[in-house]
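Read the structure below first, then the notes.
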Amino acid sequence: MPAFDDLLNQILSGNPKIGREELLTMVQRKKEESHGLLSDEGAIRLLAQQLSVLTPPSSDLRDQRISSVHAGLNDSTITGQVVSVSDVHEFQRSDGTTGRVLRMRVGDISGQITGVFWDSLADTVAREALTPGSQVRLLHGYTKFGRAGEVEFHLGSRANIQILRRAQYQTFGTDNVPAPTPKGGTSNLLRVRLLKLQKSQSDRGPTWALCSNDAGLMIAKFWDNQAQNVLELGEGSLVTIENHWVTERNGLAYVNIGCKATVKKESTDFVPDLPLANIDSLQAGQSLWSVKGKIAEKSDVREIETKEGRRTRVSNIELEDATGRIRVSLWDAHAQKAESLRTGDTVRLVGVKVRENMNGEKEASTVFLTQLEKS
């Protein structure tokens, strides 16, 4: 395996503190973590990237330009830059088993295409928490027309992904995002209250958490061994997190906590009360907001189908306070809860996303961790 040996020697020469046997053990561990989806070369390419070694392109596979990809291919490989990544969605197959799917939009100089990752490979890609700008190679995919009539690049049990370059991770503290870094210095220490926890239905998926600190609200994803650890800490716990990273997806920032992070429960119970924003002060962006108001109007619950083919429910309410009025879309379980709400009820929403519509008006919507309470 010339490519494998070349990369092995490059890593060893650039990292003199790592021995050959230790590096081979790291390769084997990386393959085991992928549940058999990575080859020796794929695993060592990932390690080379993580250890900041420039990896040459593989010579044993011919990559297609994305513009040349058409429906009906059975074994195709493409390389491109990540444009966007969805969450893992679960669905019920006709035989009663549960399937999982993740969609990734990738592009090269010739065009863009949607990659559709299935089951265990979807879980593997989700754990990598790739951000826009990362460079990836999608190997042994097949193509077919999707629901919208566009050609899609599907990756099943025989497919693979190589991460050629990661976009640089953010630290948590960008515009319109709560910044936990203390005044007077930089730190990768985050101190938050766990408001709501929800485990993924997939055994390998993360535990999701709606969190708060003195800067505001955020969503955290606890991966690997941390997924069970945070459930044992429980809702309401005050924790400190070290060595997290931040990704952006669908207009929201997510704090990610993996196996290399440290999560400690504090003994103190001090956390400032969650601030409630006035409706006229809500701003579109990556932050989540807490707001309270009276329901001025309310639509019936209706069922729609998403672009992933998942059927869901939604209800819209017009929420008003002394400063203004805003439309709030209540999704899934929140739509079901809306059936018990009436015009004139006062509600408190903790963790809503705000965006601007095509007319430049602000609109809010729930995310699956949003807390909806009737006052």
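I need the calculated FRET efficiency for the pair HIS70 and ILE109, taking r as the beta carbon distance and R₀ as 22 Å, to the nearest 0.05.
Using R0 = 22 Å, I get an efficiency of 0.75.
Normalise the Debye intensity by I(0) for region 89-169, one equal point scatterer per Cα, no solvent, then take log10 at q = 0.23 Å⁻¹ and round to two decimals.
-1.23
What is the P(r) of region 221-264, as percent of Cα-Cα pairs per 10 Å bin from 0?
27, 54, 19
Hey, how much of the P(r) for region 271-375 falls beyond 21 Å, as a percent of Cα pairs?
Across region 271-375, Cα pairs with separations above 21 Å total 31 percent.
At 0.36 nm per residue, minus the direct Cα-Cα distance, what do THR346 and GLU305 gain on full extension? Give it in nm, one decimal, please.
Numbers: separation 41, 0.36 × 41 = 14.76 nm, distance 2.98 nm.
Here the segment from THR346 to GLU305 would lengthen by 11.8 nm.
Report the FRET efficiency, 1/(1 + (r/R0)^6), for ASP63 and THR240, where r is their Cβ-Cβ distance and R0 is 56 Å, rounded to 0.05.
Working: r = 44 Å, r/R0 = 0.79.
Computed FRET efficiency for ASP63 and THR240 comes out at 0.80.
Give me the three principal axis extents of region 210-353 from the C-alpha atoms, as integers in angstrom, largest value leading.
47, 39, 26 Å, listed from the longest principal axis down.
What spacing in nm lies between the two simple spin-label points modelled at THR97 and PHE368, each 7 Å away from Cα in the Cβ direction?
Reported label-point gap for THR97 and PHE368 is 2.1 nm.
Solvent-accessible area of ASP300, probe 1.4 Å, all protein chains present, reported in Å² to the nearest ten, please.
We get 130 Å² for ASP300.
Just to verify a number: FRET efficiency for LYS17 and LYS260, C-beta to C-beta distance, R0 = 25 Å, to 0.05? Intermediate values should be presented prior to the final figure.
On the way: r = 18 Å, r/R0 = 0.71.
Calculated transfer efficiency: 0.90.
Calculate, in nm to one decimal, what LYS144 and LEU252 gain on full extension: separation in residues at 0.36 nm each, minus their alpha carbon distance.
Full extension from LYS144 to LEU252 adds 35.8 nm.
Of LYS31/LYS221; LYS260/LYS337; LYS17/LYS199; LYS265/LYS362; LYS298/LYS362; LYS196/LYS362, which sit over 28 Å apart, Cα to Cα?
With Cα atoms farther than 28 Å apart: LYS260/LYS337; LYS17/LYS199; LYS265/LYS362.
What's the center-to-center distance, using Cα atoms, between region 113-128 and region 301-375 in Å?
Region 113-128 and region 301-375 have Cα centres separated by 29 Å.
Would you work out what percent of the accessible area of region 213-255, with all protein chains in place, is carbon or sulfur (probe 1.4 Å)?
Roughly 38 percent, rounded to a whole number.
Can you give the accessible area of SER202, probe radius 1.4 Å, in Å² rounded to 10?
Result for SER202: roughly 10 Å² accessible.
The values are calculated or read from the model by the stated rules, or taken from the named source; none is laboratory data. All values reported here derive from a predicted model rather than from experimental measurement. Virtual Cβ from ideal backbone geometry, glycine too; neighbours counted across all protein chains shown. Keep in mind that these areas ignore ligands, DNA and RNA; they rest on the heavy atoms of the full protein, side chains included. Shrake-Rupley method; radii C 1.70, N 1.55, O 1.52, S 1.80 Å.
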